[in-house]
Every structure is written in C-alpha cells, then in structure tokens.
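Written out below as structure tokens is the structure these notes cover.
The values are calculated or read from the model by the stated rules, or taken from the named source; none is laboratory data. Treat the numbers as computed from the prediction; the structure is a model and nothing was measured. Quick reminder, even Gly has a Cβ in these numbers, built from the backbone with ideal geometry, and neighbours come from all protein chains shown. With ligands, DNA and RNA removed, areas are computed over all heavy atoms of the protein, side chains included. Shrake-Rupley method; radii C 1.70, N 1.55, O 1.52, S 1.80 Å.
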Amino acid sequence: MRILIIEDEAELARHLSRALGRNGHLVTTATQGPEGLEAAFRERPDLIVLDLGLPGRDGMSVLAELRQRGHAARVMILTARGEVEHRIKGLKAGADDYLPKPFSLDELVARVEAIGRRGGGTGASDPLRIADLIVDVQHRQVMRAGQAIDLSPREFDVLQVLVQEPGRYFSRTELCERVWRRQHEYDTRTVEIFITRLRKKVDSGFEPALIHTLRGVGYSVTLPQKP
Ligand code: CA
C-alpha cells in the first residue's frame, strides 16, 4: 500500500516509516497539518496514519477536509492519552481505525495490515473479472480486452464498488456512501458524471457494454442478458 504518515514527532514518524517500509509499503511522511493535507492529495495514499495533535492544523480538521473533498484513503488516527472523545469524534468524521498512544510498532503494523485487507472488500488479492474486463484492486489497475485503462482514483473507486457485486444495481445515494463516504446531501449528480466518464473509458470501443443503467434504480456492471 501507499501510506502517508502525518505525525509531528519526528522520531516517532521515522520509526513508523521504517517499520511500515520493512513490511513492503511505500511510505511518505509529513509533520504538519497543511503539509499533510497537500501530500494526501498529491501522493494519493491508500492509507493515512494521522496524528491528531499537529502544528498548523489539527488532525481532526485535516480528516474533515479529506472527507469533504472526497479523499477515499483509509485513515487511522493516533490519539494521545485522554483523548477518548476525540477517538469517537474521529471515527464519526470518517476515520477507519484509531490507535491510542503509546503503542508498539508491531501493533501498528498489524492494524495497518488489517485495514488494508478490509479496504479491498474481497479479502483476496485476485483481480475481479467480468467478461474481458479485469479490475486489479490490489494494484488499482484496470484492463479491458488486454488494454490498460487509465482511471482517476475516484473513477476506480466507483468501478470497484460496481464490479465487486456484478449484476447488483447501486443507487446514486448508495454509490455516494460507498465511494465518498457520505450519507446524504452529496450532489448525487457527481455519480452520474463519474458513470459517464467510466462508460467512455471502460465501454466505449469495446463489446459488449458492461455498465448498465436502470432508470429510477441505479447502475450496475454486468454482462447483458442474452435475448
Ligand atoms: Ca502530535
């Protein structure tokens, strides 16, 4: 996984970075809130380890902006002792897990691996396939008829949700929840825009079309029924 650590204690950040690197992850670090936020959108990590007490901008505010701007990375917050209420707030604000300080490196690595497994949804690293479409969740790569298809991170997320349950129709609201982690009031037209883009990239020029719309119901990736 690509992992971003946002932690202002330099020594701790270094230890974390080394431990996760040894486990085969690609790690970048940031020591301040604003810098961390910038790195999150630049590096597009799969997971962010986020300290709550940060200079410049605290971790909770960083988390809020990540989610508000649709960042899909899993987030694990690090809480100092006595910040139980922050832990709850953090989980409500879209964090996936938390780890109270002090913690052992082994525990951190184990939690990170657990989050990584959860993130894929299938629990397996085998690519998902429908007809000639292959979606490699682990490496976030898509191929159709042997051709690599270049998707933006969010386009990939939408496609992944659909492909993980082929034949099932997802409403716009449901897709919003799954991809943007929002429960309501998100501009669901955004979903339409992403579906249009996915159609262009995944279906256009290929046979048969795999992305389907059922009016008033939603979207699905599935093989068309034979007449
Ligand atoms: Ca701190």
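A few remarks follow.
- Linear extension gain, ILE88 paired with GLU192, 0.36 nm per residue minus alpha-carbon span: 34.1 nm
- ALA114 paired with ASP136, simple spin-label distance in nm, labels 7 Å along Cα-to-beta-carbon: 2.9
- Surface accessible to a 1.4 Å probe, per residue, for the residues of the range 128-221, Å²: 54
- 222 nm mean residue ellipticity, helices alone, for the chain (DSSP H n ≥ 4; -39,500 (n - 2.57); rounded to 500): -11000 deg cm²/dmol
- Accessible area expressed per residue, the range 2-118, with surrounding protein chains retained (probe 1.4 Å, Å²): 47
- Ordering of 101-112, 42-53, 189-200 by burial proxy (mean other Cβ atoms within 10 Å per residue, highest first): 42-53, 189-200, 101-112
- Were the residues from SER104 through LEU26 laid out at 0.36 nm apart, the gain over their Cα-Cα distance would be 26.1 nm.
- Per-selection metrics, the range 128-221 (Cα): Rg and Dmax in Å: 12.5, 39
- For the range 2-118: span of alpha carbons on each principal axis (Å, largest first): 32, 31, 29
- Carbon + sulfur, % of accessible area of the range 12-74 - ligands and nucleic acids excluded, 1.4 Å: 46
- Backbone amide hydrogens, once placed in the peptide plane, bring VAL75 within less than 5 Å of ILE48, ASP96, ASP97, excluding anything fewer than 5 places away on its chain.
- Ligands, DNA and RNA left out, the 1.4 Å accessible surface of the range 128-221 is 46% carbon and sulfur atoms.
- Nearest-ten-degree value, helix 59-68 long axis tilted from longest Cα axis of the chain: 10
- The orientation-averaged projection of the convex hull spanning the C-alpha atoms of the chain amounts to 13.1 square nanometres.
- ARG129/ARG215 FRET efficiency (R0 41 Å; Cβ-Cβ; nearest 0.05): 0.90
- Exposure rank, largest accessible area first [ARG18, ARG172, ARG67; 1.4 Å]: ARG18, ARG172, ARG67
- Packing, taken as the mean count of other beta carbons within 10 Å per residue, orders the peptides 32-38, 146-152 from highest to lowest as 32-38, 146-152.
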